[in-house]
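The values are calculated or read from the model by the stated rules, or taken from the named source; none is laboratory data. Small disclaimer: the values here were computed from a predicted structure and weren't measured. Cβ atoms come from the backbone with ideal geometry, glycine included; neighbour counts cover every protein chain shown. Accessible surface is based on the protein model in full, side chains and every heavy atom, while ligands, DNA and RNA are left aside. Shrake-Rupley method; radii C 1.70, N 1.55, O 1.52, S 1.80 Å.
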Amino acid sequence: MTNEFGSCHNENGIFAAPQHGGRVYQNAKLRNTNVRNVLDFSASINPIGPPHSLVRAVEQAIPLVRYYPDTTHEGVKHAIAARFHVEVENLMCANGASEVIDLLLQSLQPKRVVILEPAFSEYRQAAKRHGIPTLHLPLEMNRGTAGVEGTSMSVNLPLRRLNETLDAGDLLFVNTPHNPTGVTFRLDAWISYAHQWMDQGITIAVDESFLDFFSDEMGYTAMYEAVQSENLFVIRSATKFYAMPGLRFGFAVGSATHFQNVERLRDPWSVNQLAQVAAQVAYEDVPFQRRTWEWLKSERLFVQQAWDDRESWTLHMGEVNFFLLRFHDLNEARSLEQHLQEHGMFLRDCSTFMGLGVGVYRVAMRTRAENAALQKKVSDYFGASK
């Protein structure tokens, strides 16, 4: 199967799983420098975080490390419930979105995991850890035409093909906003299909790890569907929006009955005390949320203007805090990547994502100064190489 971005396959084991971004320690070692000197554009972390309220709360909570963590996660659950208007019973906290994925696979034991490619590598890796077969289907992707926001990219869920392919006992992962393209799928475009699939014994896990970057989630989140279903779960992460990957916190929204069963199976101590304190304060920090939304609005406009399509590359704007660059000359792309690394700048190489191919890079939005520095370094490189 092919599309505008490259080849895509649905057989197991014939492609390399993408590595996770954010490998700052390895990159610092590669450059023989301090991790603080690495400009990491490979992980899409909010550059204005973590919130000051979070930092203060963690500092004040340091003495609590002498105690075991609260296994009920009561404080942070109440903060999340208030933030998203759901019931505490419909929440499950975990050590990042990755543990949520792992716990769902462990507890659901699906016959097969269906992954829409390109996709976050953890879906496949978690399935492999649990010995669950995977089926990889391509999203419907087309490069589109040039416009005011760079070259538009059409990415859609393959709803008809899923209708033909899904079987009872399957677990389907839907990722919105989608990583790595940044495209978001409106709920009303696919939820009626989801209800049909769930009636047939299919479970759906909706990964909304980047949806916090939307100031208005109502047309996109499946949270309020999940609380009414035994077959639909929503995955959320505090990592990206609140800039706390080093503390690790994620949660799921779904069936209260199912989560009660999960709690009997899991490690009760996986969410440490500082992570719980940090996440509770973060989800209560409304000014930080608004500040981030304003930053993203401004920075997306800057990216559109600064990275507008050039002779050497094409810009594909997403809807959240990262974008794709597709370099036209593959040899130059590799050479540029090396050049940037020599200057301590690291992009997310998307060549191992099914359906994207060589020459495509995901770029996280950082501060204005850092974004401008990267754009200048790339522009200067191509100017000098001509």
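Using 7 Å Cα-to-Cβ label points, what is the E74/V88 separation (nm, one decimal)?
According to this spin-label approximation, the distance is 0.7 nm.
With the chain treated as a Gaussian network of Cα nodes joined by springs under 10 Å, which of G359, G201, G250 yields the largest mean-square fluctuation?
Most flexible of the set in this elastic network: G201.
Give me the percent of accessible area attributable to carbon and sulfur for the chain, probe 1.4 angstrom. Numbers along the way, then the final one.
On the way: 8080 of 16630 Å².
Here it works out to 49 percent.
In Å², and per residue, what accessible area does the chain have when probed at 1.4 Å with the other protein chains present? All intermediate terms of the calculation are to be shown ahead of the outcome.
On the way: 16630 Å² over 386 residues.
Accessible surface, normalised per residue, equals 43 Å².
Separation of the range 40-66 and the range 238-292 by C-alpha centroid, Å?
If we compute the Cα centre of each part, the gap is 13 Å.
Net charge near V114: determine it from the other residues with C-beta under 10 Å of the C-beta of V114, scoring Lys and Arg +1 and Asp and Glu -1.
Details: positive: R112; negative: D167, D170.
Computed value for this residue: -1.
What's the center-to-center distance, using Cα atoms, between the range 328-366 and the range 181-220 in Å?
Taking the Cα centre of each part, the range 328-366 and the range 181-220 sit 29 Å apart.
Quick one: dipole size for the chain, taken about the Cα centre, charges +1 on Lys/Arg Cβ and -1 on Asp/Glu Cβ, in debye to the nearest 20. Numbers along the way, then the final one.
Numbers: 36 positive and 43 negative charges, 218 e Å.
It comes to approximately 1040 debye.
Given a cut-off of under 8 Å on Cα pairs at least six residues apart, what relative contact order in percent is computed for the range 157-250? Present the calculation step by step, with values, prior to reporting the outcome.
Working: 129 pairs, mean separation 25.2, N = 94.
Averaging sequence separation for qualifying contacts and normalising by length gives 27 percent for the range 157-250.
Where the convex hull is taken over the Cα atoms of the chain, what is its projected area averaged over directions, in nm²?
Here the figure is 18.7 nm², rounded to one decimal.
Got a sec to turn the phi values of the range 293-307 into Karplus ³J(HN,Hα) couplings, 6.51 cos²θ - 1.76 cosθ + 1.60 with θ = phi - 60°, whole Hz, x for Gly and Pro?
Working through the residues one at a time gives 4, 5, 4, 5, 4, 5, 6, 5, 5, 4, 4, 4, 6, 6, 9 Hz.
Please give the calculated 222 nm ellipticity per residue for the chain, where each DSSP H segment of at least 4 residues contributes -39500 (n - 2.57) and the sum is spread over every residue; nearest 500 deg cm²/dmol?
Values: 13 runs with 143 residues, N = 386.
Helix contribution divided over all residues of the chain: -11000 deg cm²/dmol.
Given contacts defined as C-alpha pairs under 8 Å and at least six residues apart, what's the relative contact order of the range 301-375, whole-number percent?
For the range 301-375, the relative contact order is 29 percent.
May I ask you to derive the relative contact order of the chain, considering only C-alpha pairs under 8 Å and at least 6 residues apart, and to give it as an integer percent?
Values: 707 pairs, mean separation 100.9, N = 386.
Rounded, it is 26 percent for the chain.
Evaluate the distance, in nm, between pseudo-label points positioned 7 Å from the Cα of A306 and of L64 along their respective Cα→Cβ axes.
For the pair A306/L64, the computed spacing is 3.8 nm.
Could you check the simple spin-label distance between R368 and S192, using points 7 Å along Cα→Cβ, in nm with one decimal?
Using points 7 Å along Cα→Cβ, the separation is 4.5 nm.
What's the magnitude of the charge dipole for the range 342-386 around its Cα centre, counting Lys and Arg as +1 and Asp and Glu as -1 at the beta-carbon? Answer in Debye, nearest 20. Each step should come with its number before you reach the end.
Values: 7 positive and 4 negative charges, 32 e Å.
The dipole magnitude comes to about 160 debye.
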